[in-house]
Amino acid sequence: MNDPTFNLLQLERRPNWYDHLPQVEAAMAEESRIALARHDAGWDGDEGGWVSPEGIHESTWEEEGWPFPEDPAFPDWFRSAYHYEAADAGLDPFTLNPYPKAPLSRQHLYAQ
């Protein structure tokens, strides 16, 4: 936390605040990374959780065992899951961008 006033107030309430500060900052950075990846992939999030562009809630998504947009396996999973839809639409699944601003698969990046 970069706010000195906040840090001092926390120190008054919790004497060991600075002992835990690196873990708190790491958790906040990870949460920001996940939120950015999901937002860039077109997901909507609110107090009820995240919802995919297809309207699938994150809990259902997790139950199905599908990777989330922040997972490295997501671009390749998406292309394989939507391979036939892409082929039917006349698109190359390896150039198909899963969602707006979603990362390309590693395989596709190395092929360029």
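For (1) surrounded by fewer than 14 Cβ atoms within 10 Å (Cβ to Cβ); (2) at pLDDT 85 or above, each residue gets a yes or a no:
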site	(1), (2)
Trp50	no, yes
Ile56	no, yes
Trp61	no, yes
Gly65	yes, yes
Pro75	no, no
Asp88	yes, no
Thr95	yes, no
Tyr99	no, no
Item to check | Answer residue from the stretch 1-42, given it is in contact (Cβ under 8 Å) with a residue 24 or more places away in the chain and within 22 Å of Phe68 (Cβ to Cβ) and is surrounded by the most Cβ atoms within 10 Å (Cβ to Cβ) among those | outcome: Ala41
Checklist outcome for this item: In the stretch 22-72, anything assigned to a loop (DSSP other than H, G, I, E, B) and aliphatic (A, V, I, L, M) is listed as Ala41, Ile56
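The values are calculated or read from the model by the stated rules, or taken from the named source; none is laboratory data. Computed from a predicted structure; not experimentally measured. Reconstructed Cβ throughout: ideal geometry from the backbone, glycine too, with neighbour counts over all protein chains shown.
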